[in-house]
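J.: I have a structure here, written as structure tokens, and I will follow up with some questions on it.
The values are calculated or read from the model by the stated rules, or taken from the named source; none is laboratory data. Predicted, not measured: the structure shown is a model, and the values here were computed from it. All Cβ positions, glycine included, derive from the backbone under ideal geometry; neighbour counts span all protein chains shown. Each accessible area value is taken on the protein alone, full model and side chains, heavy atoms only, with ligands, DNA and RNA left out. Shrake-Rupley method; radii C 1.70, N 1.55, O 1.52, S 1.80 Å.
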Amino acid sequence: SANQMWGGRFSAGPDAIMQAINASIGFDQRLYAQDIAGSRAHAAMLAAQGIISSKDADAIGEGLLAILSEIEAGKFPFTPELEDIHLNIEARLTERIGEAGKRLHTGRSRNDQVAVDFRLWTRDQCDQAIAGLTGLMRAFLAQAEAGADWVMPGFTHLQTAQPVTWGHHMLAYVEMLARDRSRFEDARRRMNECPLGAAALAGTSFPIDRHATAKALGFDRPTANSLDSVSDRDFALEFLAAASICAMHLSRFAEELVIWSSAQFRFVRLSDKWTTGSSIMPQKKNPDAAELLRAKLGRILGATVALFTVMKGLALTYSKDMQEDKEQVFDAADSLILGLAAMTGMVSDMTANREVLAAAAASGFSTATDLADWLVRALGLPFREAHHVTGTLVAMAEKQGCDLPDLTLPQMQSVHPGVTDEVFGVLGVENSVRSRISYGGTAPDQVRAQVARWKAALG
Ligand code: ARG
């Protein structure tokens, strides 16, 4: 039989396969709360503008609330014949309240309806991402505060570079996450305009009040162009782009955790809560949560690429292609929010192995740069020459199987006669990190100042 929503023009219903490819109710039922909020705001505005009676608007408002409870109780009869969440709810409303339900769609289209629902949903996800990021920043900050002066090796190329402090390394992530947070804040601010009332694409001849519905739904203002309103999915792309960058940051720390928790590094101990055992190897404690977090960017970036590809080259305005937007964003948002919570737990519960970190910091000739700098400062050598002298000393130590501070003064003087025993003062890792006092450097005092700044900022 022909469709109950647009049966007027049709004499036959869709093929079963058409219904299968066309229906979105399987996934867009996630938008039910937003759809009901949008419809309630729309109905109230229609009554305020004298477009429908207050009696009808009240019946609609109450009917929609009853449907909300029905859905939340798992008692709503979702049906693919009614394609999507919008038609399912509207048909159910008419079933429940009769004629008044048929007036709800006055001055509106599913095109602006889905646009407003999806924006509301994505805006909420921005808020959740912002809250999740704030929690994770606090977890890194607590680690930074505890270990402002714990020394560890800093790496480039994953090769020992220079000693740094644990607090400094933790604060590096606070900086990244703060930028991630501001990306979600920016995206939220830009998406916070209400497309409701753009109708199908051209606006409507009914005397609607778009400022009122925008305000009722917590938007800053209505969108200014009806064609753009029903075509735009940049808000979702911005969310996905911000989520991708954030997931990339999570993935980098996840990789560090995988490396650091290995028996070869032993920089950190992960809590039992975030690890798993092996069914065969009794000694195992695998960093599964970290590994999954390392992988999550795969799906989040995949969703981003998928939605770009859906939107590319679509002529204005709405095309059904755009129904393919939602699953990508749903999946990416779920992955991100869960990932932020898991990372927050792992960071809060991990324990730095201070002795191992300190020993690792002192190995690998990590203070070679300090030695070269000393040759410049104390002996007036040009840096390039100091670099060469130090390189020669490193090669000498390596050949003897010892570290730089283990070389004797005569050995050092054999490479450069000006070296005095003052040099040993700069070869220790504690001295090394304490000397890095430039703004943003790794010195414990710098780290403490940054911790204080972040604590004030995060409240
Ligand atoms: N289910 C549709 C979507 O997700 C809603 C909008 C449908 N509009 C239309 N003209 N067919 O995009």
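J.: Taking segment 76-90, which residues are more than 10 Å from the ligand (Cβ to nearest atom) and crowded, with 22+ Cβ neighbours inside 10 Å?
T.: ASN88, ILE89, GLU90
J.: Can you tell me which of (1) open to solvent by 10 Å² or more (accessible area, probe 1.4 Å); (2) of a type outside the set (Phe, Trp, Tyr); (3) farther than 30 Å from ARG190 by Cβ; (4) within 13 Å of the ligand (Cβ to nearest atom) is the one LYS55 doesn't meet?
T.: (4)
J.: Is it true that some residue in segment 15-36 is over 39 Å from the mean Cα position of the chain (by Cα), open to solvent by less than 60 Å² (accessible area, probe 1.4 Å) and of a type in the set (Ser, Thr, Tyr)?
T.: Checked against the condition, which is being over 39 Å from the mean Cα position of the chain (by Cα), open to solvent by less than 60 Å² (accessible area, probe 1.4 Å) and of a type in the set (Ser, Thr, Tyr), segment 15-36 yields no hits at all.
J.: For segment 307-401, which fully contained helices (runs of 4 or more DSSP H) count at least 3 residues that are in contact (Cβ under 8 Å) with a residue 40 or more places away in the chain and not β-branched (Val, Ile, Thr)?
T.: 326-349, 354-362, 368-379
J.: When you scan segment 147-183, how many residues do you find that are open to solvent by 60 Å² or more (accessible area, probe 1.4 Å) and in a helix (DSSP H, G or I)?
T.: Final tally of qualifying residues: 3.
J.: Being open to solvent by 70 Å² or more (accessible area, probe 1.4 Å) and under 30 Å from THR134 (Cα atoms): is that true of ALA452 here?
T.: The answer is no for ALA452.
J.: Mind checking which residues of segment 324-336 are more than 16 Å from the ligand (Cβ to nearest atom) and open to solvent by less than 40 Å² (accessible area, probe 1.4 Å)? Even if it seems obvious, please write down each step before you answer.
T.: To start, the set of residues in segment 324-336 that are more than 16 Å from the ligand (Cβ to nearest atom) comprises 332-336.
Within segment 324-336, ALA332, ALA333, SER335, LEU336 meet the criteria.
J.: Only one of (1) more than 30 Å from ILE36 (Cβ to Cβ); (2) under 26 Å from the mean Cα position of the chain (by Cα) is not met by GLY313, so which one is it?
T.: That leaves (2) as the condition not met.
J.: Here's a follow-up. Among the residues of segment 93-113, which ones are away from the ligand (no atom under 16 Å from the Cβ) and either of a type in the set (D, E, K, R) or part of a helix (DSSP H, G or I) (or both)?
T.: LEU93, THR94, GLU95, ARG96, ILE97, GLY98, GLU99, ALA100, GLY101, LYS102, ARG103
J.: Can you give me the number of residues within segment 33-75 that are closer than 13 Å to ARG96 by Cβ and without any contact (Cβ under 8 Å) to a residue 40 or more places away in the chain?
T.: 11
J.: Conditions: (1) part of a helix (DSSP H, G or I); (2) within 14 Å of the ligand (Cβ to nearest atom); (3) among the aliphatic types (A, V, I, L, M). MET5 meets all but one. Number of the miss?
T.: Just one mismatch for MET5, condition (1).
J.: Only one residue in LEU250, LEU293 is of a type outside the set (Phe, Trp, Tyr), in contact with a Lys or Arg (Cβ under 9 Å, 6 or more places away or on another chain) and closer than 18 Å to LEU136 by Cα. Which one?
T.: LEU250 is the lone residue from the list that is of a type outside the set (Phe, Trp, Tyr), in contact with a Lys or Arg (Cβ under 9 Å, 6 or more places away or on another chain) and closer than 18 Å to LEU136 by Cα.
J.: Within segment 292-318, restricting attention to residues that are touching a helix residue (DSSP H, G or I) at 6+ places or on another chain (Cβ under 9 Å) and among the hydroxyl-bearing types (Ser, Thr, Tyr), which residue is farthest from the ligand (Cβ to nearest atom)?
T.: If we take residues in segment 292-318 being touching a helix residue (DSSP H, G or I) at 6+ places or on another chain (Cβ under 9 Å) and among the hydroxyl-bearing types (Ser, Thr, Tyr), then THR304 is farthest from the ligand (Cβ to nearest atom).
J.: Is it the case that segment 401-419 has a residue that's at pLDDT below 95 and among the charged types (D, E, K, R)?
T.: Taking every residue of segment 401-419 in turn, at least one turns out to be at pLDDT below 95 and among the charged types (D, E, K, R).
J.: Scan segment 425-440 for residues that are open to solvent by less than 70 Å² (accessible area, probe 1.4 Å) and either among the aliphatic types (A, V, I, L, M) or within 25 Å of GLU385 (Cα to Cα) (or both) and jot them down. Lay out the reasoning, then the answer.
T.: Let us first name the residues in segment 425-440 that are open to solvent by less than 70 Å² (accessible area, probe 1.4 Å), namely 425-429, 431-433, 435-436, 440.
Of everything in segment 425-440, those that are open to solvent by less than 70 Å² (accessible area, probe 1.4 Å) and either among the aliphatic types (A, V, I, L, M) or within 25 Å of GLU385 (Cα to Cα) (or both) turn out to be GLY425, VAL426, LEU427, GLY428, VAL429, ASN431, SER432, VAL433, SER435, ARG436.
J.: I've got another one for you. Restricted to segment 363-415, and to residues that are aromatic (Phe, Trp, Tyr) and open to solvent by 30 Å² or more (accessible area, probe 1.4 Å), which residue is farthest from the chain's Cα centre (by Cα)? Explain how you work it out, then say what you get.
T.: From segment 363-415, those aromatic (Phe, Trp, Tyr) are 365, 374, 383; that's our starting set.
Then drop every residue that is not open to solvent by 30 Å² or more (accessible area, probe 1.4 Å), which leaves 365, 383.
Values: PHE365: 37, PHE383: 43 Å.
Per the stated criteria, the residue is PHE383.
J.: Moving on. Looking only at segment 184-239, how many residues end up being under 17 Å from ALA48 (Cα atoms) and either assigned to a loop (DSSP other than H, G, I, E, B) or not small (Gly, Ala, Ser) (or both)?
T.: Summing the residues that are under 17 Å from ALA48 (Cα atoms) and either assigned to a loop (DSSP other than H, G, I, E, B) or not small (Gly, Ala, Ser) (or both) in segment 184-239 gives 13.
J.: Let me ask something else. Report every pair of residues separated by at least 6 positions or lying on different chains whose Cβ atoms are under 6 Å apart, first residue within segment 202-227 and open to solvent by less than 80 Å² (accessible area, probe 1.4 Å), second β-branched (Val, Ile, Thr) and in a loop (DSSP other than H, G, I, E, B).
T.: Within 6 Å, the pairs are LEU227/THR317.
J.: Now, a different point. Exactly one of these conditions fails for SER39: (1) open to solvent by 40 Å² or more (accessible area, probe 1.4 Å); (2) hydroxyl-bearing (Ser, Thr, Tyr); (3) assigned to a helix (DSSP H, G or I). Give me its number.
T.: Of (1) open to solvent by 40 Å² or more (accessible area, probe 1.4 Å); (2) hydroxyl-bearing (Ser, Thr, Tyr); (3) assigned to a helix (DSSP H, G or I), only one is false for SER39: (1).
J.: So SER24 clears everything in (1) within 22 Å of ALA214 (Cα to Cα); (2) within 16 Å of the ligand (Cβ to nearest atom); (3) in contact (Cβ under 8 Å) with a residue 40 or more places away in the chain; (4) not hydrophobic (A, V, I, L, M, F, W, C) except one condition, right? Which one?
T.: (1)
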